[in-house]
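Enquirer: Take this structure first; my questions come after.
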Amino acid sequence: NSVFQGRSVLAEKDFSAAELEYLIDFGLHLKALKKAGIPHHYLEGKNVALLFEKSSTRTRSAFTTAAIDLGAHPEFLGAGDIQLGKKESVEDTAKVLGSMFDGIEFRGFKQSSVEQLAEFGGVPVWNGLTDEWHPTQMLADFMTVKENFGHLKGLTLTFMGDGRNNVANSLLVTGAILGVNVHIVAPKALFPTEETQALANKFAAESGAQLLITDDLDEGMKGSNIVYTDVWVSMGESNWEERVNLLKPYQVNMAALKKTGTPDDQLIFMHCLPAFHDATTTYGQEIKEKYGITEMEVTDEVFRSKYARQFEEAENRMHSIKAMMAATLGNLFIPRV
Ligand code: CP
Ligand code: NVA
């Protein structure tokens, strides 16, 4: 049997480079099947629960469509729908859901919640984002990188912005595992924690990835192939004024992209989305009124430029989540990797 069968996906650190690459390649394969209209019902007859404490467009849609394409039934359980954490413990919820569902996706605040679901659920549990990690985002992201460059090892990815949010943490550790050089460009107050840096350094020593944490834009941008950013204020946070002031110099704009010195055909921009690149939303209007800005982590110009890959990246959420669910729960044989 495969080393994936029955496993949960809680954090990237639990997977080897070969395993992550397998899931990335399987995602590319399933994308080709989908485009060719070839069925891939690896989860026929299964039921999967989709738990969301925080809101979502991509992750919810990706898990839902992926489950249906795989022949499974997805059931959405939102924060307002179930007792989790309010009237019932995570442990009890896990025992109940695990007795009815074959797999459980969880998006929420605490990493310990997703860990407890896995401990007591008895079925594969997939982390759809916590305050600490965003592993399914990483599968889509490195799948997108591989699609664009044909390989991963030796490329340089620069994340600029809030260097200690879930996406930054995940990029640093996943890049380190895969042998992708990762630069984090952020104000010192938002550098990744010592613990995250130590974890990433451990993997980098094995893979040969070069890691750089800096508050210097010139140094951090130099030689990048992928420039990546994320919102300045993540879900569950509300420190707008502080973040805007702290992160203003760390906006991804054309001047920042130029600092890479990378030829156009070797440079892409990525963003996990949602992005704050104009003030067309009600949220955007509020920020505009309060702080007088219409763009935050990325300018509209970069967002709509030839470098932008964020919508391919978003689509790849579905293909890669499909690969992850099929590998851990599907009726298929995967040779050891
Ligand atoms: N990138 C991402 O996780 O998007 P959602 O929050 O819309 O799921
Ligand atoms: N860092 C962001 C990612 C959203 C996909 C957040 O947690 O809100």
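Enquirer: Report, ordered by chain and residue number, the lysines lying within cross-link reach of Lys87, taken as a straight Cα distance under 24 Å and ignoring same-chain residues fewer than 8 apart.
Expert: Lys54, Lys95, Lys110
Enquirer: Rounded, prolate or oblate for the stretch 132-240? Axes are the square roots of the Cα gyration tensor eigenvalues, ordered a ≥ b ≥ c, and the cut-off for rounded is a/c under 1.5.
Expert: Rounded, since a/c falls under 1.5.
Enquirer: If one computes the Cα centroid of the stretch 1-71 and of the stretch 293-337, what distance in Å separates the two points?
Expert: Each part's Cα centre sits 12 Å from the other's.
Enquirer: Just the number: Rg to Rh for the chain, Cα atoms, Kirkwood Rh, two decimals.
Expert: 0.96
Enquirer: Where in the stretch 70-175 are there chymotrypsin sites (Phe, Trp or Tyr not before Pro) that are in a DSSP coil and have at most 16 other Cβ atoms within 10 angstrom of their Cβ?
Expert: Within the stretch 70-175, the qualifying chymotrypsin sites (Phe, Trp or Tyr not before Pro) (loop, at most 16 other Cβ atoms within 10 Å) are Phe109.
Enquirer: Pulled fully out, how much extra length does the chain show between Ser89 and Ser55, if you take 0.36 nm times their separation in residues and subtract their Cα-Cα distance?
Expert: The span from Ser89 to Ser55 would gain 10.2 nm if fully extended.
Enquirer: Can you quote the Å³ per residue value for the convex hull of the Cα atoms in the stretch 216-337, rounded to an integer?
Expert: Cα convex hull per residue, to the nearest whole number: 165 Å³.
Enquirer: What does the extension gain come out to for Asp264 and Asp300, with contour length at 0.36 nm per residue minus their alpha carbon separation?
Expert: Difference between extended and current length: 11.1 nm.
Enquirer: Quick one: what Rg and Dmax do you get for the stretch 1-148 from the alpha carbons, in Å?
Expert: Every Cα atom of the stretch 1-148 included, Rg and Dmax give 15.1, 47 Å.
Enquirer: Less than 30 Å apart at the alpha-carbon level, and either on another chain or at least 8 residues along: which lysines does that give for Lys222?
Expert: Those lysines meeting the cut-off are Lys13, Lys146, Lys153, Lys188, Lys202, Lys248, Lys258, Lys259, Lys306.
Enquirer: Take peptides 165-178, 22-35, 288-301 and line them up by average Cβ neighbours within 10 Å, highest first, as a rough protection proxy.
Expert: Going by the mean number of other Cβ atoms within 10 Å, highest first, we get 165-178, 22-35, 288-301.
Readers should treat all values here as calculations from the given coordinates under stated rules, not as data from a laboratory. The model shown is predicted, which means the values in this text are computed figures rather than measured ones. Using ideal geometry, Cβ is built from the backbone for each residue, glycine included, and neighbour counts are taken over all protein chains shown.
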